Amino acid sequence: MLTARENFYQAAKGLNPDRYANQYEALRLALNVSMFHSASPAYGQENVVNAWGVTNSFPIGTPGAFPVHNPDTIVIKDIEHWQDYVHAPSLDFPDEEWAQLKENVYDKVDTNLAYKTSFVAPGLFEMCHHLGEMVNTLENMMCYEDEMHDLIKYLTEYELKLAEQICSKLKPDALFHHDDWGSRTSTFLRPSMFEDYFVDAYKEIYGYYKSHGCELVVHHSDSYGATLVPAMIEMGIDVWQGCMSSNNLPELTRQYEGKIAFMGGFDGADFDTEDWNKDDIKQKVWTMLDACTPKAYIPCIAQGGPGSIYDGVYDAIMDAIDEYNVAKFGIKPEEIKRSPVQYEKKGYM
């Protein structure tokens with residue numbers, strides 16, 4: 001029987017998993033030192049300014065923090081002079097901080113059972129609209145192409161410097177990278193525009209991680225994104241985490257089996273609600289598992305990390321997957337070699 005890590009890898013690569021991989025059982029997400037030097041709101045906290053100058057709030061009842069944009073808080077006041085407003089924070093941190101994080105977090109992961117997975121957020125598109133506001137950013141991509149290309153190049157250079165620090169000092173064997181590229185029903189950019197702005201940049205970033213010890217790249221975008229899958233494959237993404245049920249996952253898993261895996265399907269709006277119940281979750285989970293294939297699908301809550309807004313939802317999904325694996329593959333959860341589940345009940349970090 002495969003361990004949780006072995007089974008996750010088999011699913012990610014379209015090989016021969018012996019059951020459905022179960023949510024984040026094989027990923028141990030861990031922060032990097034830069035995140036400790038950039039303020040982030042706690043659950044329920046408002047108007048916290050991070051190292052980039054972005055103001056964020058984390059409202060109660062939501063899975064994560066999000067920027068607050070008004071004329072006073074928008075960082076980029078004028079895209080034609082973005083260099084006057086955007087200043088990347090320093091990555092010059094004491095070696096002792098990296099060493100302490102590695103010793104206390106990364107080195108404690110049992111890599112026979114799970115990946116020691118560096119968590120990086122936000123990504124390039126999110127950084128653009130965090131700094132410049134969503135509508136402004138989309139308009140700028142249509143009207144100020146040179147400026148937006150230059151901004152993305154600047155952000156990419158920062159990400160590569162961060163990647164160098166993470167890989168050399170923490171030595172992860174997987175990457176979990178956030179960048180939301182759509183809503184529940186559509187992408188934010190048409191595929192040709194998305195490819196123009198982001199494919200080469202991410203090929204460089206993800207290529208660096210893979211050439212420096214990361215076996216898998218897991219990219220989070222809890223959204224519709226089926227039309228971007230060819231671009232994801234070109235970027236070097238092994239697992240698209242956050243894919244919502246609106247993507248027709250049964251069709252996608254069969255179309256792209258062996259090229260990319262799909263990790264998600266359980267949208268918060270359908271699962272992570274105040275009136276949730278275990279029987280309803282089990283029925284929804286089993287319906288999706290019946291329709292997909294474990295060679296390309298990793299059932300998971302769509303949000304970008306282990307946990308749920310409402311207590312018990314994440315565990316109920318995990319139990320339903322375990323029960324399916326018993327019924328369909330004869331594999332009991334107590335027989336699976338996996339480390340304890342790691343998650344927060346509110347949000348994902």
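The values are calculated or read from the model by the stated rules, or taken from the named source; none is laboratory data. Remember, it's a predicted structure, so these values are computed and weren't measured experimentally. Here the Cβ positions follow ideal geometry from the backbone for every residue, glycine too, while neighbour counts run over all protein chains shown. Areas reflect the complete protein model, heavy atoms only, side chains present, ligands, DNA and RNA absent. Shrake-Rupley method; radii C 1.70, N 1.55, O 1.52, S 1.80 Å.
Descriptive notes on the structure:
- Solvent-accessible area, 1.4 Å probe, carbon plus sulfur percent, for region 12-150: 49
- Remark on residue 27: its backbone amide H falls under 5 Å from those of 115, a criterion applied only to residues 5 or more positions apart or on other chains, H modelled at 1.01 Å from N.
- Inter-label distance, residue 37 to residue 335: 4.9 nm, where each label sits 7 Å from its Cα along the C-beta direction.
- Cα→Cβ-extended label distance, 7 Å offset, between residue 142 and residue 195, nm: 2.1
- Estimated FRET transfer efficiency (residue 248, residue 100; beta-carbon r; R0 56 Å; 0.05): 0.80
- Over the chain - Rg/Rh using Cα atoms and the Kirkwood inverse-distance radius: 0.95
- Those residues of region 194-227 whose amide nitrogen sits under 20 Å from the label point placed on residue 157, 7 Å along Cα→Cβ: 197-209
- Rolling a 1.4 Å probe over the protein heavy atoms gives region 205-349 an accessible area of 39 Å² per residue.
- Förster radius 45 Å - calculated FRET efficiency between residue 215 and residue 47 (Cβ-Cβ, nearest 0.05): 0.70
- Take region 12-51 with all the other protein chains still there, run a 1.4 Å probe, and you get 39 Å² of accessible area per residue.
- Cross-link partners of residue 337 among aspartates and glutamates, defined as those whose alpha carbon lies under 18 angstrom from its own and excluding same-chain residues fewer than eight positions apart: 6, 18, 25, 110, 315, 319, 322, 323.
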